[in-house]
Ligand code: FEO
């Protein structure tokens, strides 16, 4: 039984979907299936645009016969020889003996390589801008070499302003009953598959895609009919601008793709920690285990994101197998214009980093973040500063405008509509909030004290419920706020911010014993003023309680400036330390042993495999 879709009054989709195929072209997984599109134009002459893959040709032939309704098929335009679009050509010539094959000279040569029937005598050869009049329609042929194969051409119907675009603007994913992109939530459900299709199928040929886009830029296009995926009749600017972007190899979004290869989870652990550090710096991150996620998805992500971190263990003195395959794949797809950072691991000879860099240096416009991370088996606490430094360096490689605009520019999904880093732009002070419950004194760091009214003089403060001080204030209704000044040392934050009053006595461990009139302690040093409060109201906001309090006492302690949250980050919080200089040395090509030193003695013998200096190379 036929299954066709109407495109216009005289144009019908006669293709078919395949959801049984596991690997498209034997390489690319297609978990959502794939469509093979073919279009049949019914005019004074009947014209078919391409055929389908052999897996679905039976349905396709039924579709063609149904739409023809007993008429002859006069022409088939072969825009692309690849067998997923030309497999049914021979059957068509048997079913429709007068069929003419419209194709370029190059296409004819390829067809003769794939088939053994007489094609040449049926061929109607066309060149760039040749036309074919079919009655109401005039078809113009435009060559699009290497958008995916050398023979590819597209066809422009100047009557209805339809561009039959061959592989261009196609997508993985079966059509599921729809035919037009505007019938589905394309951005949400199909954009990833469209990007994956582009990056893997034509990603290598950005220059040629750019040439093709230039050729069709002057055409008025009311509809795009690709060989895979949906027909576009609305909002074509979106998909066209994606193609313009992808073909230029410019990143689509500012953020960090982390691809890691880990044997026992230690490289993965470092990658995870780096991702956390990058998120803390307001950067978007995406992570893939290259041994698990199909390479086509990671190649696609590489076309999307501006920065890539490769984290790989060393294996057989080289790059881990799956990571090496991925990097070769990325290079084959012409990846360029990216900023790259590298984490390497190796229990006795971590050499994967240098090898990864060597491969990527062959690609165009790859800039490397100088900071790297070299692990010996696993990340140690002593390397915390190194991973912080790496995160800082990656963040620093984002121009400030991009860093700020990152979320906004790339945000498509509503869930990303709020960039939480914007909250860091608010001006906050920093305070020690103290309370007393019986004999127990306690305090914590907060940043949310604000005067809300002058008469009565009231303040508000939001306090996280996980703070013990919160519970004490909820119970007693009184507190002090010590307003920290710019001389405050980091130790005050360690004392009151990094410990819990539930298991330590924070004031007992400090030298502070002063109490305000309410009997609650305050800090007499590095503080320019103290406010005592009595709770008038409290509101439960999930993670926090908002206290509204009457000011019962307030006094100045110094003329120092109050410390701001920004000042704290810029001047008080310790900076991550740059990693130690890497030592120079030589690596044994046989076993991977590393000799550390500038000069390798002529008579040196590898202590592991006993090979001599000829088998060593400089790191
Ligand atoms: Fe769907 Fe290049 O073929």
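Select from region 212-229 the residues that are in contact (Cβ under 8 Å) with a residue 24 or more places away in the chain and either away from the ligand (no atom under 16 Å from the Cβ) or assigned to a helix (DSSP H, G or I) (or both) and list them in ascending order.
212, 213, 215, 216, 219, 220, 221, 222, 223
Would you check if residue 84 is within 16 Å of the ligand (Cβ to nearest atom), at pLDDT 95 or above and either over 29 Å from residue 221 (Cα atoms) or under 42 Å from the mean Cα position of the chain (by Cα) (or both)?
Considered against the rule, which asks whether it is within 16 Å of the ligand (Cβ to nearest atom), at pLDDT 95 or above and either over 29 Å from residue 221 (Cα atoms) or under 42 Å from the mean Cα position of the chain (by Cα) (or both), residue 84 comes out as yes.
How many residues are free of Cβ contacts under 8 Å to residues at least 60 places away in the same chain and within 16 Å of the ligand (Cβ to nearest atom) if we restrict to region 144-164?
Residues that pass the stated criteria total 1.
Can you tell me which residue within region 51-77, out of those that are touching a helix residue (DSSP H, G or I) at 6+ places or on another chain (Cβ under 9 Å) and within 14 Å of residue 41 (Cα to Cα), is surrounded by the fewest Cβ atoms within 10 Å (Cβ to Cβ)?
65
Residues checked against (1) farther than 26 Å from residue 294 by Cα; (2) within 16 Å of the ligand (Cβ to nearest atom); (3) assigned to a helix (DSSP H, G or I):
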site: 169; (1), (2), (3): no, yes, no
site: 175; (1), (2), (3): no, yes, no
site: 188; (1), (2), (3): no, no, yes
site: 193; (1), (2), (3): no, yes, yes
site: 197; (1), (2), (3): no, yes, yes
site: 200; (1), (2), (3): no, yes, yes
site: 204; (1), (2), (3): no, yes, yes
site: 210; (1), (2), (3): yes, no, yes
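Go through (1) part of a loop (DSSP other than H, G, I, E, B); (2) buried (at least 17 other Cβ atoms within 10 Å of the Cβ) one by one and return the number of the condition residue 547 breaks.
(1)
Of the conditions (1) more than 22 Å from the chain's Cα centre (by Cα); (2) closer than 27 Å to residue 52 by Cα; (3) assigned to a helix (DSSP H, G or I), residue 247 clears all except one; give me its number.
Exception for residue 247: condition (1).
Mind telling me which of the residues 512, 522, 539 ends up being exposed (fewer than 13 other Cβ atoms within 10 Å of the Cβ), in contact with a strand residue (DSSP E or B) (Cβ under 7 Å, 6 or more places away or on another chain) and either touching a residue at least 12 places away in the same chain (Cβ under 8 Å) or more than 19 Å from residue 428 (Cα to Cα) (or both)?
It is 539.
If the Cβ limit is 6 Å and pairs must be 6+ apart or interchain, which residue in region 62-87 that is farther than 26 Å from residue 110 by Cβ pairs with which residue that is part of a strand (DSSP E or B) and more than 10 Å from the ligand (Cβ to nearest atom)?
The qualifying pairs are 67/12; 67/40; 71/46.
Suppose we filter 161, 100, 106 for residues that are touching a strand residue (DSSP E or B) at 6+ places or on another chain (Cβ under 9 Å), over 13 Å from residue 51 (Cβ atoms) and either surrounded by fewer than 15 Cβ atoms within 10 Å (Cβ to Cβ) or modelled with pLDDT under 95 (or both); which single one remains?
161
The values are calculated or read from the model by the stated rules, or taken from the named source; none is laboratory data. For clarity, every value in this text was computed on a predicted model and none was experimentally measured. Quick reminder, even Gly has a Cβ in these numbers, built from the backbone with ideal geometry, and neighbours come from all protein chains shown.
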